[in-house]
1. Once you have all Cα-Cα distances for the stretch A:100-149, histogram them in 10 Å bins from zero and send the whole-percent values.
2. Skipping prolines and chain starts, which residues have an amide H placed within reach, meaning under 5 Å, of the one on B:GLU101, given they are 5 or more residues away or on another chain?
3. Karplus couplings for the stretch A:517-528 from phi (6.51 cos²θ - 1.76 cosθ + 1.60, θ = phi - 60°), rounded to Hz, Gly and Pro as x?
4. Output the lone cysteines of chain A: those with no second cysteine's C-beta under 4.7 Å from their C-beta.
5. In square angstrom, rounded to the nearest 10, how much accessible surface does A:LYS165 have for a 1.4 Å probe?
6. If you split all Cα-Cα distances of the stretch A:177-241 into 5 Å bins from zero, what percentages do you get per bin, shortest first?
7. Which entries of A:LYS477/A:LYS544; A:LYS248/B:LYS81; A:LYS223/A:LYS454; A:LYS37/A:LYS478 have Cα-Cα distances beyond 26 Å here?
8. Mind putting together the pair-distance distribution for the stretch A:88-172? All Cα pairs, 10 Å bins, whole percent per bin, short to long.
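The values are calculated or read from the model by the stated rules, or taken from the named source; none is laboratory data. In this text, all values refer to a predicted model and were calculated from it rather than measured experimentally. Ideal geometry is used to build each Cβ from the backbone, glycine not excepted, and the neighbour counts take in all protein chains shown. For accessibility, only protein heavy atoms count, side chains too; no ligands or nucleic acids. Shrake-Rupley method; radii C 1.70, N 1.55, O 1.52, S 1.80 Å.
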Amino acid sequence: MYRYDEFDSTLVNERVVQFRGQVARRLSGELDEDHFKPLRLMNGLYLQLHAYMLRVAIPYGTLDSLQMRRLARIARVYDRGYGHFTTRQNIQYNWPKLAEVPDLLAELAEVEMHAIQTSGNCIRNVTADHFAGAAADEVEDPRIHAEIIRQWSTLHPEFSFLPRKFKIAVTGAARDRAAIKVHDIGLQLRRDAAGEVGFRVIVGGGQGRTPMIGPTIREFLPKADLLSYLEAILRVYNRLGRRDNLFKARIKILVASVGADIFAAMVEEEWRALRGGSLDLPAEEVARIAAYFAPPPFENLPAQDTGFEAMRFEDRDFARWCRTNLHVHKQPGYAILSISLKPVGGVPGDATAEQMEAVADLAERYGQDEIRVSHEQNLVLPHVRLRDVHAVWQGLVAAGLGAANIGLVSDMISCPGLDYCNLANARSIPVAQRIATRFADLDRQHDIGELKLKISGCINACGHHHVGHIGILGVDKKGREFYQITLGGSAGEDASLGDIVGPAFSYDDVVDAVESLVETYLDLREEGELFLDAYRRVGLAPFKEALYAGH
Amino acid sequence: MPVIKDGRLVEDDWTFIPDFLPLDEVARPVVSLARWRDGDCALRARNGRLGLRLPNDTDPAAIGADLDRFALIELEFPVFKDGRAYSQARLLRERHGYRGELRAVGEVVRDQYFFLERCGFDSVSVAGDKADQGRALEGWYEAMAEISVPMQPAADQRPPASSLRERRRAAAVAS
Ligand code: HEM
Ligand code: SF4
């Protein structure tokens, strides 16, 4: 893991002092809310309907046990005993008091964490593949480059007042677990014909009211040129992005309006003037940061573990959990282990202080002291010996974290919706809970197989409904809550936006509609065919027929 | 309106002259880009210090050839969250080699000072009464001291963390 050197800690500590000053000026009335707003936003502090909400960055989703315990302590001392892990590898606290926020930030700084740039019109927390460093299909650990970007973008003097927020995601594998095609910039590490490692650069994807799959503007960017190229993109955007209309201010609108080719040409022109300057990354600096992400000391183990196999044979619940929550590790004898934050009836992404501490203990004892936060609002222990998996599972079950549903229909992403959000048209969390309850039978979920269901309470798409295999969008029909269903979205390397299936369903009918879609799929699927593949094969017609034939 | 320049609050001795007024009597006029562009020979040949106010949607390359005619360029912040002028400033300094005074005008508040200075501005206009101005100057000193190690190169002289690390590596190799 990356460790701050004196320069990193100096900055983060100075930042706490600076924000303490800003809060004092706000409390004394010297700053009015209008002028305090962009400052608190650059420190992750939102003002919501009833209270402040603080969003803390978990850069590229990586934590150690010390940091996780500190997040738990903060939940207990400054909040109401829980935190909410978000789709952007952040954690949110819903009830901090303004006067206490500087102390909270100081506690974070002690464990090399911060809330810098988790909101506001700046470069946000950089996200990465949550299986980084463990996945078998990886070209290189994307966190090395995400950390380089984190440093460069921190308090960037030119790019702190962009037209709109700016999100960058990095993956090191062809299999996209970081949703790079629906980010402002997506970077994919890859090899060129000569075997050199560099980036594919995707710009102008996004969700919200104008969802777009980002076009590739450069097939291969040498690693040393990363920052000069990013600076060129950001400079073009800062100068030309729209500022007259909030809804048209994201870079995706600029890219779409001038066209990807012309946008790429503008970036290349700016880049030609920038490259070869002080932003070029010396190989020594890349190596310095890469060293922090060197693999942990793995043991040489056989690919199979007899104890693990025996447990799987004996314990049906354990076996079922293994089917969904374990993933192939690059090192024989190890597994990647997902911890579901989607218990039936729970709020997706929430964890109590006790649960965070339980995960910290397990990571320390069995997981090389590493924890990841995924963009699907779950946690990951990336390096667990097969022989320890059963013990970890028991620990998780004891902490109420044993849900065996990763990738299944109840592993939903849902935004806060009408229960918490003043922009919502409709409730989301109760819809998620009702769907999870309807499919509570785990055997049935396992039979259905991989199915990504995503719910947003309005067109802002915080719940990623555009890229759900099944997407559910809350709409308002004459003051009543309705839900529009889309099919066939994906956030992966095969990214696509869902197709609207037909007229929306009422709150009462939406769960039946989902069930009917699932039944239709089960009837028409071919041997081993997943929901998304089946949809892509047969298209909307049979699903439409099932939903609306009787009406 | 006074400005903060070189760490001091000073009276602004420049005057922005709207396009319809003559420049004759003004010692240090600031003119609009439109006036400069359509400028008659008298303006072009003017033998005195001249300032230019550049709208924030203008590419500085548009005046690249004329830069040594200006002793002052004012860049605009219509509202403080409109950050286009930061890019203009860096382009003027780093790409076009502008060496004259660069000033931030419009809604410029304390919490921009550090970023402005890093992008190559050397003066900022200050609004409000005497008390506000005093606080702004105090704020300027605080802002300059708040962050000692920037994380990226910009138009200022502060060595960013990357160069400091580089130097440390070089020193380690040398010793
Ligand atoms: C309850 C208060 C919330 C409000 C008022 C809110 C508001 C918004 C708005 C206005 C947008 C659209 C921005 C744009 O397209 O420029 C947006 C997008 C988004 N929000 Fe939220 N949000 C809230 C909560 C959340 C939560 C809890 C999460 C994470 C679990 C989240 C994740 C996202 C994501 C991933 C996007 C995608 C937009 C994109 O980058 O394309 N939001 N939100
Ligand atoms: S999608 Fe809409 S309802 Fe849901 S959290 Fe975002 S803004 Fe609120």
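1. 22, 35, 31, 10, 1
2. B:LEU72, B:ILE73
3. 4, 5, 4, 4, 4, 4, 5, 9, 5, 8, 3, x
4. Cysteines lacking a close Cβ partner in chain A: A:CYS122, A:CYS322, A:CYS421, A:CYS458.
5. 50 Å²
6. 4, 17, 24, 25, 17, 8, 3, 1, 0
7. Those over the limit are A:LYS223/A:LYS454; A:LYS37/A:LYS478.
8. All Cα pairs considered, the percentages come to 16, 39, 34, 10, 1.
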